[in-house]
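Everything below concerns the one structure shown next.
The values are calculated or read from the model by the stated rules, or taken from the named source; none is laboratory data. Everything numeric in this text was worked out from a predicted model, so none of it was measured. For neighbour counting, all protein chains shown are included, and Cβ atoms are generated from backbone atoms with ideal geometry for every residue, glycine included. The area values use the complete protein model at the heavy-atom level, side chains included, leaving out ligands, DNA and RNA. Shrake-Rupley method; radii C 1.70, N 1.55, O 1.52, S 1.80 Å.
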Amino acid sequence: MEGNLRKIQFLSVDLETTGLNQKKDEIIAIGAVPIVGTRIMAGESYYRLLRPEKFKFESMKFHGLDPARLKTANNFSEIAEEVVELLRGKVLVGYAVEIDYGFLKRALKKEGYKLENRRIDVIDFERAVCYILGERPVEKMSLDSLAKKYKIDVSYRHNALADAFITAQIFQFQLLKILKYGIKTINMLFDLLKRVERDRHYHIF
Amino acid sequence: MLPPKEFLRKIKPFSLLRDEELEKIVGKLEVEAFEEGEEIIKGGKSGDYVYFVYSGVVGIYENGKLVDRFSRGEIFGLTHNPQRVAVAEEDTICYLIKKDVFTEIMEKNKLFSDFFKSFEEKRFSRIPDLFREEEITDRLFLTRVGDLITKKPVVCSPYTSIRDAAVKMELNNVGSIVVVDDNLRPLGILTSKDFRTFIIYGKSHEEKVSAYMTSPVVAVDHSTPVFEAHLELLKRGINHLVVTDDGKVKGVITANDILTLFEPTTSLIVLYRRLKKANNLEEIKITFKNLSKSISALVTRGMHFYDLSNLLTEIYDYMVVKVIELEREKFESEKGKLPDFAWIHMGSSARKEQVMATDQDNAIIHEGDGEELLLFAEKVNTALDYIGIPKCKGGYMAMNWCKSVEEWKNVFSEWFEKLTPENIRLLSVFLDLRVIYGNEKLYRELIEHIKLEHTPQSLRFLAHDATMTEPPLGLFGLRMKSKIDLKMNGIYPIVNGTRILALENGFLEITNTRERLEKLRSSGIMDAELAESLKETYEFLQDLRLKMQAKEIVEGKKADNIIKVSEMDRLDAFVLKEGFKVIKRFQNFLKGHYGIERGL
């Protein structure tokens, strides 16, 4: 079976940034957890703190990051190659993944790399799961409420790696649900996501 | 840091791990999702992982038969058994821990490996101790004096007369009274030492306590560590310490209270001594009440069933003997000398397994002249009820069961012959017998008769009865059952089964379940592994029951034997499940032994 979901290499990613503006703001932390099929390779997790060009202290406070530690961290260009290796050939998974993807693409472009990965947003995935199973989606699609739905422990949060791991767990539960439904390949999954996205423009559910 | 580390840290037995050990586990951790019906461990294969269930349910099958079930927070796959397969019973997420990492940590962390070893060897009673070790060493340093207070403070004003103060102390049964101002602030304390001074120098009972009290008084805040309070007592050579909360009197603690913390059983010795000095029912009653409280405290501090029941059997026996003697003296001074008799106990007291005194289970064997004894039995039953051992609802008391040894023999013969459900029940009650007081010869004569009279058929009926109540089925996921009766489903099957084997093999006079199991093992009737597992299971069940009862007594609720699975400590539930498996094995052994696999 080509593109067997059980064999696909996914990577759950989460970034911390100085803000939401992709043009001005910078990445200050990358957390990533590899997933092979339905197996989260927690032991192979990746986490890097990054030194931004310009500090924004309000954001530091929010993330609970220590400015002193950031000062001694690498800057993005020093780890760009490593990040490219990490992402190579993987389907990226994330919560509101397009934002993080945008940051990564832009940062890598500056270093001369071209980023081209397929992506799955757990919010879209959740809609798709509810769509095929006839479930009512959770009220607010926050990371916390999704974690709550799948009874995932969230006692430790607000760190890019912790969030990437929680996201990976949500994704794992979702994957299990659609596998049972008979969606066995990555292309079937993307077709489903596309179909649900298209239908969303006609129905509100 | 990854969330799994924080998650595991809170879960037994991972809570026994050091930070760097947790780090090691998480550093190689994989998390896998299994679809319902998917095989997690395939038969014949030796797995590379130890599995920790994060969510869902896993069934373990041997030859297609379900033998165990695991759910959230439980571990499986540690030992390898090629006959067994593990299957996801519903969608299941497991943490996969590399076996080599696991064994490496086991080698280095003794508590952690002890946990699994105790489990494998079914030494259940040790498991809670692994988590308690710290508590014991910390007890002296962490306990606050406020925790030692057992009574409301007994106080008076400085203008109270010496007489009134003495009356108040007597009524409240205390050794000191705290003299306070209008705001409950301690001004002084009046102890027996001060009374001695009064006796030597005092003129009238109407004198004020202010003239004799020890003042200023040594007071400590309720949050003071016991350790410090103890130093204070030693330094000043005093015996009483006033405990305050925000400057107001909260209670008094004595050197004795602290001593019981160093050596918990001291409180029992103190009570035992008091019991020896008691010379009326009233005093016995008070001591008995304090005894129940001390026992609750001992249980909550982690003392085990076997140790406690050993200690308490002696105390309870002594108390009953004392009551009998007091009543006998009264009775004989009015009606003349009583004929020879034996006072017998049945039930848990006969088995020396009584920790919390529940209700009376007693009978009398005499030589033929029972009229007066019947009246006497009624007096004793009433007196026991008065001191706090209530009358038996089932009526198994000497006032109803006062028979000559010949009559008893006939009764047993009849029970063994006519195996009606009622007679089977009576046999289960009366086959555990122990002399507490009186002529032991009468008891021995009866026991010898019982040993001769029982028939293979009666053993089969008794065994059938003992195996009828099986441990909760679907027990494998305890959560399927919301409530469990520890006595019916756990304790009785062991007690009853062991008793039948003791009867068959001629050692009924050994009444204690643990000793019976040891005898069954040493005489080769039961294999060592089953006997040991049963002993462990039995102690665990009794411990669990005690903990529940102690908690209920402390909270002032009526104690029963029903445990709610949802309110159980995870670890207890885990062990309980294993214990039920042992009981199931024992019942199968009994069924095979007495040939009752297909009913009677």
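Given the condition aliphatic (A, V, I, L, M) and not in a helix (DSSP H, G or I), answer yes or no: does some residue in region B:516-527 qualify? Taking every residue of region B:516-527 in turn, at least one turns out to be aliphatic (A, V, I, L, M) and not in a helix (DSSP H, G or I).
Taken together, the criteria place B:ILE500 among residues that are modelled with pLDDT of 95 or more, part of a helix (DSSP H, G or I) and open to solvent by less than 20 Å² (accessible area, probe 1.4 Å). Of all residues in region B:546-597, those satisfying the criterion of being part of a loop (DSSP other than H, G, I, E, B) and under 23 Å from B:GLN354 (Cβ atoms) are B:GLU555, B:GLY556, B:LYS557, B:LYS558, B:ALA559, B:ASP560, B:ASN561. Restricting attention to region B:29-50, the residues being within 13 Å of chain A (Cβ to nearest Cβ) and hydroxyl-bearing (Ser, Thr, Tyr) number 1. Within region A:22-34, the set of residues being part of a strand (DSSP E or B) and more than 9 Å from every other protein chain (Cβ to nearest Cβ) comprises A:ILE27, A:ILE28, A:ALA29, A:ILE30, A:GLY31, A:ALA32, A:PRO34. Residues of region A:170-193 that are within 12 Å of another protein chain (Cβ to nearest Cβ) and open to solvent by less than 10 Å² (accessible area, probe 1.4 Å): A:ILE170, A:PHE171, A:GLN172, A:GLN174, A:LEU175, A:LEU176, A:ILE178, A:LEU179. Applying the criterion of being of a type in the set (A, V, I, L, M), modelled with pLDDT of 85 or more and surrounded by 16 or more Cβ atoms within 10 Å (Cβ to Cβ) to the residues of region B:211-228, the residue that is farthest from B:ILE149 (Cα to Cα) is B:MET213. Scanning region B:410-436 for residues that are crowded, with 17+ Cβ neighbours inside 10 Å and charged (D, E, K, R) gives B:ASP432, B:ARG434. Name the one entry in B:GLU371, B:GLU407, B:GLU378 that is free of Cβ contacts under 8 Å to residues at least 24 places away in the same chain and either in contact with a Cys (Cβ under 8 Å, 6 or more places away or on another chain) or closer than 20 Å to B:LEU452 by Cβ (or both). Result: B:GLU407 is the single residue among B:GLU371, B:GLU407, B:GLU378 that is free of Cβ contacts under 8 Å to residues at least 24 places away in the same chain and either in contact with a Cys (Cβ under 8 Å, 6 or more places away or on another chain) or closer than 20 Å to B:LEU452 by Cβ (or both). Could you tell me whether B:GLU6 is in a helix (DSSP H, G or I), within 39 Å of the chain's Cα centre (by Cα) and exposed (fewer than 14 other Cβ atoms within 10 Å of the Cβ)? No, not satisfied.
So that you can scan it fast, the table gives a plain yes or no per residue for (1) more than 8 Å from chain A (Cβ to nearest Cβ); (2) in contact with a Leu (Cβ under 7 Å, 6 or more places away or on another chain):
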{"position": "B:PRO3", "(1), (2)": "no, no"}
{"position": "B:LEU17", "(1), (2)": "yes, no"}
{"position": "B:LEU22", "(1), (2)": "yes, yes"}
{"position": "B:PHE52", "(1), (2)": "yes, no"}
{"position": "B:VAL58", "(1), (2)": "yes, no"}
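Candidates are the residues of region A:35-52 that are assigned to a strand (DSSP E or B), open to solvent by less than 10 Å² (accessible area, probe 1.4 Å) and more than 19 Å from A:LYS109 (Cα to Cα); the one that is nearest to the other protein chains (Cβ to nearest Cβ) is A:ILE40. Restricting B:GLY77, B:GLY73 to those that are closer than 26 Å to B:GLU6 by Cβ, open to solvent by less than 30 Å² (accessible area, probe 1.4 Å) and more than 13 Å from every other protein chain (Cβ to nearest Cβ) reduces the list to B:GLY77.
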